[in-house]
Each structure stands twice: as C-alpha cells, then as structure tokens.
Amino acid sequence: MNKLIVVSGFSILVAFGIACSPKKAANTTPAAPAMLTKEVALKQYSSAQIAEGEALNNAKCGTCHKLYPAGQFGEQRWNQVLNRMIPKAKATEQEGKLIRAYIVANSKGAS
Ligand code: HEC
C-alpha cells in the first residue's frame, strides 16, 4: 500500500515536471522585408558605393530579361521587386544592398 502511494506520488511529480518544462522557444522570426527609401539611400551610401551598385546591377540583373532603368519605378515598387529579384540574381547580402542603393537612389522616389 505504501509502495503504491510512493509510486503514484512519483508519477504525479513526473507528470507535473513535464507539464512545467519550458516550451521550446521559436527561434526563427522571419526578417522584415527590406525597404530602403531614396532619401536614406542618398544619405547612407557614398557615390562610390552607388557606382558599385550600378556595376553589379548591369552585371547581374540583365541576364534573364532586359535591364530595367532605375527611373522606371518609385521606391516602394522597386523594394518589392528587389526583394524577389536580388535572390534570383544570386547576389550576396552586401551586393544586394549596393544594387538596392543604386536603384532606389535613382528611382522616381516616393511616387
Ligand atoms: C534568374 C533570372 C532573373 C534574374 C537574375 C533577375 N530577374 Fe528580374 N525577373 C525575372 C522574372 C522571371 C521576372 C518576371 C516574373 C516576376 O516578376 O517575378 C522578372 C521581373 C523583373 C521586373 C519586373 C517586375 C514588375 O513587377 O514589373 C523587374 C523590374 C526586374 N525583374 C528587375 C530585376 C533586377 C533589378 C534584377 C537584379 C537584382 C533582376 N531582375 C534579376 C527573372 C530574373
């Protein structure tokens, strides 16, 4: 009888212990989609970096279709397009930033 009490007491402790164990924290929060404004691009990037971005754009962005002129769209549309196209162009994170800086700096702006 005593043994039964000890055993059931033990299982209650075990069950309680499992119930109280901390839940596995979600460790992957999706990154917010990148958004660069024309104003910030012109402020944060040097003309040398923007020229580098232009060279990368010319080298990597005209392989599947014609090169789209930066002035064709405003910053909002370009950011959405670039979030899809930079991975397609197999650009590194740094190259992607420079391409985005060049295009957005020469875009129609906030229109
Ligand atoms: C691997 C091929 C490939 C590469 C490299 C590529 N694109 Fe594209 N691009 C596409 C395809 C396919 C479409 C049409 C489907 C779509 O819009 O997703 C497209 C569409 C576009 C459009 C039109 C989107 C619209 O909404 O009107 C723009 C602008 C563009 N690409 C820019 C770029 C830029 C800038 C780069 C370089 C960072 C790039 N692309 C690299 C395949 C590519």
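The values are calculated or read from the model by the stated rules, or taken from the named source; none is laboratory data. What you are looking at is a predicted structure, and each value in this text was computed from that prediction instead of being measured. Glycine gets a Cβ as well: all are built from the backbone with ideal geometry, and neighbour counts include every protein chain shown.
So the values come out like this:
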read-out: Residue match in the range 77-94 (condition: charged (D, E, K, R) and crowded, with 18+ Cβ neighbours inside 10 Å); value: no
read-out: Number of positions in the range 69-86 that are under 16 Å from A59 (Cβ atoms) and within 13 Å of the chain's Cα centre (by Cα); value: 3
read-out: Subset of the range 10-62 that is outside any helix (DSSP H, G or I), at pLDDT 95 or above and more than 17 Å from L82 (Cα to Cα) - its residue that is nearest to the ligand (Cβ to nearest atom); value: Y45
read-out: Enumeration of residues in the range 80-95 that are within 11 Å of the ligand (Cβ to nearest atom) and either of a type in the set (S, T, N, Q) or in contact (Cβ under 8 Å) with a residue 60 or more places away in the chain (or both); value: Q80, N83
read-out: Matching residues in the range 47-71 - criterion: being closer than 13 Å to Y102 by Cα and polar (S, T, N, Q); value: S47, Q49, N57, N58
read-out: Failed condition for H65, given (1) exposed (fewer than 15 other Cβ atoms within 10 Å of the Cβ); (2) assigned to a helix (DSSP H, G or I); value: (2)
